[in-house]
Amino acid sequence: MNKKDLKLRKLCVDHWFENLMILQLNYYSKSTYNLFADIPSSDDCAFCVKYFSDCLGCPICKKTGHTECDTTPFREVIHLKIYNTKNNTKNYGRVFKAISDEINFLINL
């Protein structure tokens, strides 16, 4: 991975750590803010911003062989957030694990 992509990866990891912290704060504070309804998009990803048009050159695409982050933990996060429109704390552990898996995936690119 080149230096620019290493910087982009750091931005991606930082973004997911921020999501994880927000999730924890909301869960433990019993906040009414519904994190699950906020669906991540390509606008949130530094790699997508750079490689969005066709994913050509994206380190995630290079690793998985798939475009649009298919087969990555990101898809589980999306699934949980789309199908959990209520602030349902029973899925907290699953969302926490999916975000943690995404962070580990990005770190190990």
(message) Looking at the structure I just gave you, is residue 39 at pLDDT below 90 and either at positive phi or aliphatic (A, V, I, L, M) (or both)?
(response) yes
(message) Here are the criteria: (1) surrounded by fewer than 16 Cβ atoms within 10 Å (Cβ to Cβ); (2) at pLDDT 90 or above; (3) more than 18 Å from residue 98 (Cβ to Cβ). Tell me which single one residue 1 does not satisfy.
(response) (2)
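Does residue 81 satisfy being buried (at least 18 other Cβ atoms within 10 Å of the Cβ) and at pLDDT below 95?
Yes: the conditions hold for residue 81.
Could you tell me which residue of region 88-109 is farthest from the chain's Cα centre (by Cα), considering only residues that are closer than 14 Å to residue 64 by Cβ and surrounded by 14 or more Cβ atoms within 10 Å (Cβ to Cβ)?
In the first step, residues of region 88-109 are kept if they are closer than 14 Å to residue 64 by Cβ; the result is 101-102, 105-106, 108-109.
Add one more test, that the residue is surrounded by 14 or more Cβ atoms within 10 Å (Cβ to Cβ), and what stays is 101-102, 105-106, 109.
Numbers: 101: 9, 102: 6, 105: 10, 106: 9, 109: 14 Å.
Ranking the candidates gives 109 first.
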(request) Sort out which residues of region 42-78 are under 20 Å from residue 19 (Cα atoms), touching a Phe, Trp or Tyr at 6+ places or on another chain (Cβ under 7 Å), assigned to a helix (DSSP H, G or I) and modelled with pLDDT of 85 or more, and write them in order of number. (result) 60, 73
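The values are calculated or read from the model by the stated rules, or taken from the named source; none is laboratory data. Source: prediction; values computed, not measured. Note that each Cβ is placed from the backbone with ideal geometry, even for glycine, and that neighbours are counted across all protein chains shown.
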